[in-house]
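K.L.:
Supplied in structure tokens, the structure appears directly below.
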Amino acid sequence: MQIDLKRDVDFIEKLDQKVKDDGSFSSWELFHLSYQASVNNLTTDFKGLRSPTLLPHVTFLTHQLECAEQVLDDMNGRAILADEVGLGKTIEAGLILKEYMLRGLVKKALILVPASLVNQWAMELTQKFYIPVTTSRKRPVWDQDNIMITSIDTAKRQQHKDIILEQNYDFVLVDEAHKLKNHQTKNYQFIRALQKKYCLLLTATPIQNKLSDIFNLVSILKPGYLGDYQTFTEKFGKNHKTLEHDAHLKQLIQKVMVRNRREDTGIDWTKRNVETVWIDFTAEEREAYNNLKEITEQSSHFAAITYLRELCSSREACYVSIKKNLLQENKENKEDYAAFLKCIEKLPNHSKALKVVELIQSMNDKCIIFTEYRATQVYLQWILQQNGITSVPFRGGFKRGKKDWMRQLFQEKAQVLIATEAGGEGINLQFCNNMINYDLPWNPMRLEQRIGRIHRYGQTEDVNIYNFAIKDTIEDHILRLLYEKIQLFQRVVGNLDAILSDLQLTNIETEVEKIFQESKTDGEIKIKIDNLSAVISNAQDYYEQEEQHGNRESS
Amino acid sequence: MAIANLHDFLFTFFKANHCDILENRGDKLSIQLTDKMDEYLLNRPFYWQYVKKLGLQGEPGKITLLTNPLLDDEEGEPIHFGSPRLQQIFRLLDEEGKFVRLYQMVQVDQQTALVPWLVLNIKVSFIGKQKKEAIKSIGINMINGGMINNIIDQLEKIQWDTKIPDFCYNLSPLIRLKSSYQRIIQLIEKELQETEHDWAIESWRHMEEEKKLLDYFYQTDKKDYTALYKKESEAIEALYRPQIAISIINGGIFHMTQSTSLNQLLD
């Protein structure tokens, strides 16, 4: 071993010259301030963080502090932060950024997050970390030293892209980095081309599909670290299971990735109470449902199943969609549908909606309702208002400012937030602990995201989730056969998307639709869905075993 | 001693740079900048280029700093440890406070000799897998060669001026400036040689390990990867090869009375 010694050669020469020239010297004040500043900026320990003492208003969790230390001390600031959903990756990233800023190592940073999260990131960084940030508004300035938060879509627009690529960033952060797993995409190449010193990639699902996903992420941080693409794929193929079995590869990846799981964090997570609320159709509604079922069985159009789902949600949703389709095309059993529409026009308030009113009145607390349909959203708002319950709508299509506004209205004024599916992503609503799944999406991933909005780090109350389903309908099948079987509500949020893509089931919704469409009898539907859930459930068990195995190996 | 209070630190900083303080509350500081400070802090080189070219009188700007970052004030700019503005000020101090030649402020009515001391504030950085730094403040009496540690603590108790007080004269150093400097550096290097450097051993071991992993990954017959392998291998060396760097934060010559000089050694 050998230690290189680097000496200061400049100082004494300059001082000597100044003395000889009788040049200008500093005052005692400036000399002393400069010394104080140096003491302040000193990294006195090989290990350890300085920001927690400077930020006494934030309570950091042990796994968050450990993560920041690991990234700073062992990973030299280039890492994948891959904690499971809801463990506070933003906090970890904020800590790391703040530490580097304290040490004077970061002055210019680019933080790339989904457009819907730009304001939330800005809020967290300023309020929790006292980091002054700039968000890209109409005319962003890229060529100054600042902490800029923007979306990849904005950054890679032609008018910004070239100038951004000219900048030398001390720190680049990409949130939702699993979107970068494909090295052929424009996003990937853009991130790769950025000039950066430190780099954090945040994702809850670092390996979504195949090992090459992680190869591509690592290649952003340390090009060549895992060899080249060809050698890598030759060696490890495209099967992801190998990761657990190749100790070398695993060791390498652990040097660039921090992954905490809920069960490792040692935090008491608030409880998750799940209750299924079964509803009976009224006789009139039942008649309409059976009527629609008969009509739909005559045609194999995929929309037919959608109509049934919609009728379970609200008369309005079903009405709007049948009407739209009837106008558009020359359909078979057009008359039947037209007659059906006449019939449902007369239906009284939907049994499910009435149940929602009843439940919300009884809970006397804030509540989020998720529905799949815009028409239902409007209808629910109306019926709640009729019953003196205040509510605000929330949709994915809302502009950033409107989303923030609605969130704030919900927090401060309204009792209920009614969100459509697209609204499920990108806002955190930890201040609320009741959720009604008014209708269930057929993709379990979307359900996980819904739950993740409220059951996450920062939630202080037990979370109540109510799943609404109407007996003896298409909803009944989905809830009993799919969701209860894969225990989605009981299991912690996490690896479901990885499992689904592993099984090549990325579009489970289509899969389920196909089953309904192609099956002749209810019995057949049951058997097929049962098989599907069994496959998922098995994979989950296998996955969990693997993870335990993996944890043992690493500790 | 580190910065105890950021607000007071900034106040002293702008005062020492001859700026007028327009408002000074516990959490808010408004400053009228001088030309020099405007040029340095406000980043508008074209304005000053233009002003100078036309021989005009420039109009330096004002700046309002909020030392409580949660204070909601539209005009102010929050400043906190780690914020770019404070980093900018620290960088300026690096240059501004680097070299001194100071005289102890004394009121005497007879001829008084002042003893020259070379004082160095030195940063020693241990750089390997991680980084650690230490500051040494060492002074050497340029007449008799006596050295003391943590001299800054003593200097803080004394009042200093850039001009020599009336009736005082400087004793000529017997040890030349450069030799004085060398003696301090040798003291530090000797100390470093006598210390066990576990961190360096650890870092070296880590370097070897990383190289081994790299070798494993490049176990391929194809020659195309040699360049990539070499590049990566060099990057590992750069990251983990242990190094100690000695740099001077600031320093200069302090002229002090013989009694002060004697007390330095006794304390």
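The values are calculated or read from the model by the stated rules, or taken from the named source; none is laboratory data. Only a predicted model underlies this, so the values are computations on that prediction, with no experimental measurement involved. Methodologically, a virtual Cβ is constructed for each residue, glycine included, from the backbone with ideal geometry; neighbour enumeration extends over all protein chains shown.
Residue-by-condition table, conditions (1) within 14 Å of chain A (Cβ to nearest Cβ); (2) loosely packed, with under 15 Cβ neighbours inside 10 Å; (3) at pLDDT 90 or above; (4) closer than 23 Å to residue A:38 by Cβ:
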position: B:4; (1), (2), (3), (4): yes, yes, no, yes
position: B:9; (1), (2), (3), (4): yes, no, yes, yes
position: B:15; (1), (2), (3), (4): yes, yes, yes, yes
position: B:41; (1), (2), (3), (4): yes, no, yes, yes
position: B:52; (1), (2), (3), (4): no, yes, no, no
position: B:83; (1), (2), (3), (4): yes, no, no, yes
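K.L.:
Which residue out of A:69, A:99, A:92 is within 14 Å of chain B (Cβ to nearest Cβ), touching a residue at least 40 places away in the same chain (Cβ under 8 Å) and in a helix (DSSP H, G or I)?
P.N.:
A:99
K.L.:
Since residue A:146 meets every condition but one in (1) over 24 Å from the mean Cα position of the chain (by Cα); (2) more than 30 Å from residue A:57 (Cβ to Cβ), which condition does it not meet?
P.N.:
The single condition residue A:146 does not satisfy is (2).
K.L.:
Would you please list the contacts, defined by Cβ atoms under 8 Å and residues six or more apart or on different chains, that run from a residue in region B:1-18 that is in a loop (DSSP other than H, G, I, E, B) to a residue that is acidic (Asp, Glu) and surrounded by 19 or more Cβ atoms within 10 Å (Cβ to Cβ)?
P.N.:
The qualifying pairs are B:17/B:96.
K.L.:
Which of the residues that make up region B:130-174 are within 30 Å of residue A:77 (Cβ to Cβ) and more than 19 Å from the chain's Cα centre (by Cα)?
P.N.:
B:130
K.L.:
Identify, please: which residue in region A:1-45 is surrounded by fewer than 16 Cβ atoms within 10 Å (Cβ to Cβ) and touching a Gly at 6+ places or on another chain (Cβ under 9 Å) and is, among those, nearest to the other protein chains (Cβ to nearest Cβ)?
P.N.:
Of all residues in region A:1-45, those surrounded by fewer than 16 Cβ atoms within 10 Å (Cβ to Cβ) come to A:1-2, A:4-7, A:9-10, A:13-14, A:16-17, A:19-24, A:44-45.
Cutting the leftovers down to touching a Gly at 6+ places or on another chain (Cβ under 9 Å) gives us A:17, A:19.
Details: A:17: 10, A:19: 6 Å.
Looking at residues that are surrounded by fewer than 16 Cβ atoms within 10 Å (Cβ to Cβ) and touching a Gly at 6+ places or on another chain (Cβ under 9 Å), I get A:19.
K.L.:
Scan region A:323-341 residue by residue and report those that are at pLDDT below 85 and in a helix (DSSP H, G or I). Even if it seems obvious, please write down each step before you answer.
P.N.:
Going through region A:323-341, the residues at pLDDT below 85 turn out to be A:323-339.
Those that are at pLDDT below 85 and in a helix (DSSP H, G or I): A:323, A:324, A:325, A:326, A:327, A:328, A:334, A:335, A:336, A:337, A:338, A:339.
K.L.:
Now for a different question. Output the residue which, of all residues in region B:17-31 that are touching a strand residue (DSSP E or B) at 6+ places or on another chain (Cβ under 7 Å) and more than 20 Å from residue A:54 (Cβ to Cβ), is surrounded by the most Cβ atoms within 10 Å (Cβ to Cβ). Quick ask: steps written out before the conclusion?
P.N.:
Looking only at region B:17-31, we keep the residues that are touching a strand residue (DSSP E or B) at 6+ places or on another chain (Cβ under 7 Å), and these are B:19-23, B:27-31.
Going one step further and asking which of them are more than 20 Å from residue A:54 (Cβ to Cβ), we end up with B:19-23, B:30-31.
Numbers: B:19: 20, B:20: 12, B:21: 13, B:22: 12, B:23: 11, B:30: 16, B:31: 24.
Among them, the one singled out is B:31.
K.L.:
Pairs needed: first member in region B:185-214, polar (S, T, N, Q); second member anywhere, part of a helix (DSSP H, G or I); C-beta distance under 8 Å; at least 6 residues apart or different chains.
P.N.:
Taking only residues 6 or more apart or on different chains, the pairs are B:203/B:240.
K.L.:
Still on this model: How many of the residues making up region A:99-123 are of a type outside the set (Val, Ile, Thr), buried (at least 20 other Cβ atoms within 10 Å of the Cβ) and under 26 Å from residue A:408 (Cβ atoms)?
P.N.:
4
K.L.:
What strands (runs of 3 or more DSSP E) lie completely within region B:111-183 and have 1 or more residues being within 28 Å of residue A:100 (Cα to Cα)? Explain how you work it out, then say what you get.
P.N.:
Numbers: elements: B:112-127, B:131-141, B:147-149, B:168-170.
Filter on region B:111-183 gives B:112-127, B:131-141.
K.L.:
For region B:62-79, does any single residue satisfy the condition of being assigned to a loop (DSSP other than H, G, I, E, B), touching a residue at least 40 places away in the same chain (Cβ under 8 Å), in contact with a helix residue (DSSP H, G or I) (Cβ under 7 Å, 6 or more places away or on another chain) and within 30 Å of residue B:23 (Cβ to Cβ)? Spell out how you get there, then give the answer.
P.N.:
Initial filter on region B:62-79 (assigned to a loop (DSSP other than H, G, I, E, B)): B:67-76, B:79.
Among the residues that remain, those that are also touching a residue at least 40 places away in the same chain (Cβ under 8 Å) are: B:67-68, B:71, B:73, B:76, B:79.
Retained after the next criterion (residues that are in contact with a helix residue (DSSP H, G or I) (Cβ under 7 Å, 6 or more places away or on another chain)): B:67, B:79.
Imposing the further condition that a residue be within 30 Å of residue B:23 (Cβ to Cβ) reduces the set to B:67, B:79.
Scanning region B:62-79 turns up at least one residue that is assigned to a loop (DSSP other than H, G, I, E, B), touching a residue at least 40 places away in the same chain (Cβ under 8 Å), in contact with a helix residue (DSSP H, G or I) (Cβ under 7 Å, 6 or more places away or on another chain) and within 30 Å of residue B:23 (Cβ to Cβ).
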